[in-house]
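Each remark here refers to the structure printed beneath this line.
The values are calculated or read from the model by the stated rules, or taken from the named source; none is laboratory data. Model, not experiment: these values are computed from the prediction. Methodologically, a virtual Cβ is constructed for each residue, glycine included, from the backbone with ideal geometry; neighbour enumeration extends over all protein chains shown. For the accessible areas, the whole protein counts, side chains as well, though only heavy atoms, and no ligand, DNA or RNA atoms are used. Shrake-Rupley method; radii C 1.70, N 1.55, O 1.52, S 1.80 Å.
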Amino acid sequence: MIVVGMGWQSAALAEHALELVAQSLHMVGASAPDYIAVPDFKNADTLPQSVARRWGAGVLWITRTQLQQVQAACHTASSTVMRHVGVASVAEACALAGAGDGARLCLTRQVLCGVTCAVAEGDRK
């Protein structure tokens, strides 16, 4: 199963998110994700649903606790993100947490116009 983890700034546009997800999926040789995994503290934003609809994927809302539990497995970290949301990696952590136990990152954090995404593969149950 392929899970795209995403993070975004409040001013980010859906078109940039869609472009970044398309580029990222192409880089890992995947045609579509099974899920778009996003932080639940952004649940008032409609961006994840727009992206998921485009790919026919489900949306997984990842809790702060789940994000914290996978930080050690993340390859990139941002001190700015840590100051703002309390974890150093959002996109990679969402991808890993969403893909389930034993997940592996296929693509580390990618950035485009205020959107970040990462791709993980796993056996989500």
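Condition check ((1) surrounded by 22 or more Cβ atoms within 10 Å (Cβ to Cβ); (2) more than 14 Å from Trp8 (Cβ to Cβ); (3) over 13 Å from the mean Cα position of the chain (by Cα); (4) hydroxyl-bearing (Ser, Thr, Tyr)) across all residues:
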site: Cys74; (1), (2), (3), (4): yes, yes, no, no
site: Val81; (1), (2), (3), (4): no, no, yes, no
site: Val90; (1), (2), (3), (4): yes, no, no, no
site: Gly98; (1), (2), (3), (4): yes, yes, no, no
site: Val111; (1), (2), (3), (4): no, no, no, no
site: Ala120; (1), (2), (3), (4): yes, yes, no, no
Residue within the range 60-79 that is aliphatic (A, V, I, L, M), out of contact with any helix residue (DSSP H, G or I) (no Cβ under 8 Å at 6 or more places or on another chain) and under 24 Å from Glu19 (Cβ atoms) present: no
Counted residues, the range 65-97 - those being over 18 Å from Val3 (Cβ atoms) and either touching a strand residue (DSSP E or B) at 6+ places or on another chain (Cβ under 8 Å) or part of a loop (DSSP other than H, G, I, E, B) (or both): 6
Residue match in the range 35-55 (condition: touching a Pro at 6+ places or on another chain (Cβ under 9 Å), open to solvent by 40 Å² or more (accessible area, probe 1.4 Å) and either within 17 Å of Arg124 (Cα to Cα) or outside any strand (DSSP E or B) (or both)): yes
